[in-house]
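The values are calculated or read from the model by the stated rules, or taken from the named source; none is laboratory data. Keep in mind the model is a prediction, meaning the values are calculated, not measured. Quick reminder, even Gly has a Cβ in these numbers, built from the backbone with ideal geometry, and neighbours come from all protein chains shown. To get the accessible areas, we keep the full protein, side chains included, count just its heavy atoms, and leave off ligands, DNA and RNA. Shrake-Rupley method; radii C 1.70, N 1.55, O 1.52, S 1.80 Å.
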Amino acid sequence: MRLEGWRSTCLVLSLVATSIGRPQQQALVDQEKSITGAKEWVLYGRPHPDATSHLIFDNVNSLMQHWPNAYYQNGHTIVPATITPGTLLYHGRWDDQPPTLPDWFSFDAEHSLLFSQGTKKSHLFIYAAVRELKVLYLDGSSAAKMTGGALDSQTVITRGNFTEDSVYDERGKIMNLCAWGKEFGLDGFIRMEFDFEVMYCDFTNGVKLGSSLELVKGENMELPPPPEQTQRSSATDALMGHSLPAYRVDEPRPTSGPPRSPKGPSLPRPTGLPFPPRPPEPPAGWKGSLRTQLSLMFESVQVGNWHNFHPVPGVRIDHSKLITFYDPRYSSLVKARHGQHRFEHRLWNISKDDLELAHNDLRQVLTRDEKGSGVNWGDVTRNVVERYSERLDFLKKIVKSEFTPGNVTEAVVLGRQQVLMMLSPYLLQNAAVPPPTDEELGGFGRNASWIQPSLEHCSTVFTSHIADAMLTDQERLIKNAVEDTAREICRVLGIIWVSAYDAEDKYVEEQAILLKGWTKEVDELMDWLGWSIWVTCTPACGADEMCSLPQWPFDMKTGDRQKDHQPHCLSRFHWMPFKHL
C-alpha cells in the first residue's frame, strides 16, 4: 500500500540521516589501514575528516596542468621527472649572451618573450634537450612570489627558514636548489607561475643552443625593483628572476583601479598601468603599430592556459617516486590541517622529525635504481575523472530540478536513470534486485548488502588488475588513493540507487524528500572531491574573452578566499592587469 511505502521511506531516510549525523567511528588509524589495503564496506559511513586519499588522488591527476595548480596554489607534491630529448626550451633576455650561471627556461616562447624586453634589444634563445634531463617537479604555483604557502616546498627541500624577504630572492633559490640537487644529478627544477618554467642549473650540459634571435621589440615595461632589493646580478635576474612585480599582499593599494582604455578599432595603449610602456624603436622602414605591452602580457597568461587540463608536452613524470606531503606519515601536517580549508594547507608547519623524514624519503627515491611498475598513474586518475566529472555535475543539476522546474516526478525519473547509467558497468545480475524483506523492519534501506558486490566492483575496477608486489611504496599510496576516491564515489551512487530503486512508484511528496537527500549527497561528494574542473566562469566568457583564474603577478591575493580563487573573464582587447596596485 502507498501508506506502507511512505512509512518505509520515512524509516529509510531517518536511518540515512542517523548514519550521516552519527559521530565518526573511524579514527586516523583507519586511514592508515586503508593504505595497507584493509577495507570494510560501510554504505552509510563517510570518510574521516583527516583522510587525504582524495587529495593525493587530485594532486596526481593535476601534475603539470595549469588550471588545478593555479586553483590550489600551495603545492604538496615533489616528484622526479624527465624532460624528453628534442623538447624545445626558451630563454629570453636583454642581451645576446647565453647564460653562464643557473637560469630559467620556459616551455613556451611567448612566456620567455615577456622577459626579453630590454631597453634596446630583445633576444630569444631556443634550446633543445639532447638527452633526458633529470628534474624535480614542485606542484602548485611554486614560482609565484606570494607569502601564503606557494613557495613552501622549496623551503622544505633546502631546509631554509621561511621569511617574507626570501619570497623575492629568486637568485638565492636557484643557487640553493641547484647546489642541493647536484648530489643527485639533477639538471633542474620545474615550477609554475602563470606558465610552467624550468630552473636550469647548467646551460652547457644536456641542452643544445639551436637559435639565438634578436627579435622585433615591442613596448618595454618599466619595472621597479622588488621591496628591499635594489641590486640585481643581471637583467635576467630582474625578469626571469620574477620581480614582475613582487609586492606584498599587505602593501597599500589605491582605492580605485586605473582607468580603462577607450574601446576602438586599434589595440589600446593604456596610461593607467603602474608601469607605463616606453615607446619602442621599430626597425627601419617598419609601418604600423608594434606589439603592445598589454598584448604581450595577455599572451603570456594565455599560453599558460593552453596547459589547463593537458600536461605540458615533453615532461615525463615518474609516479613511482612521488613524494606527497598528504601522506599521513607526516603526522605534524595532519594536525596542522585540522579545521582548515584546502586553500590554507601549508608545509611550513612541518615538525623537525617530519622534515627529516621527508628528506630521507627524497634521498631514497632520488638514489634508488628501482624502476617501479611502469603504470602511468596520471592516466589512471584521469580515467576516473573523465568518467565521473561531467556526469556528477549533470546529476547535480538533475536532482536540483534545473531541467525540470516544478516537475518533481520527472526529476526523480531522470536522476534515477542517470545513477543507473553510471552504475550499469558494475550492476551484477545476481545483485541487482533487493531480496524480499518485511517492510515493517525497514525494507532494503536498512540492509543494503545486496548492492555491495556491485559497488565493490565499481570501486576497484581501476586498480584490481595491479598487483601490490609490483609497486613501490609511493605507488601503493597512489593506488590506495585511487581506490578510496573511487570507493567514495561508488558509495554515494549506491546510497542514491538504494533509495531510487522503487522511487518512480512513490507519491510526489515522497519523491520531493528523496530529491533533497540526493542533492545533499551529491553536493557533499563534489565538495569532498574538490576537482578544479568544476571551477568555471559562469556565465561562459564571450569569443573575445578568456576564462582565467587569478594568478601572480597579474592578480594578487586579497585575503578574500572566494575572490582569490574565482575565475573571471579577461578581455582579449581591453584587459587591465595589476588592478590591485
Quiz prompt | the stretch 108-123, residues that are open to solvent by less than 20 Å² (accessible area, probe 1.4 Å) and not acidic (Asp, Glu) | solution = His111, Ser112, Leu114, Phe115, Ser116, Gln117, Gly118, Ser122, His123
Quiz item: Out of the stretch 473-519, which residues are free of Cβ contacts under 8 Å to residues at least 24 places away in the same chain and under 15 Å from Val399 (Cβ atoms)?
Solution: Lys516
Quiz item: Checking His341 against (1) more than 30 Å from Asp523 (Cα to Cα); (2) in contact (Cβ under 8 Å) with a residue 60 or more places away in the chain; (3) exposed (fewer than 15 other Cβ atoms within 10 Å of the Cβ), which test does it fail?
Solution: (1)
Exercise. Check Lys335 against each of (1) farther than 23 Å from Glu483 by Cβ; (2) buried (at least 19 other Cβ atoms within 10 Å of the Cβ) and name the one condition it does not meet.
Key: (2)
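Are there helices (runs of 4 or more DSSP H) fully within the stretch 81-187 with at least 3 residues that are within 27 Å of Asp361 (Cβ to Cβ) and in contact (Cβ under 8 Å) with a residue 12 or more places away in the chain? List them. If you could, list the steps in order and put the result at the bottom.
Working: elements: 109-113, 152-158, 170-181.
Answer list for the stretch 81-187: 152-158, 170-181.
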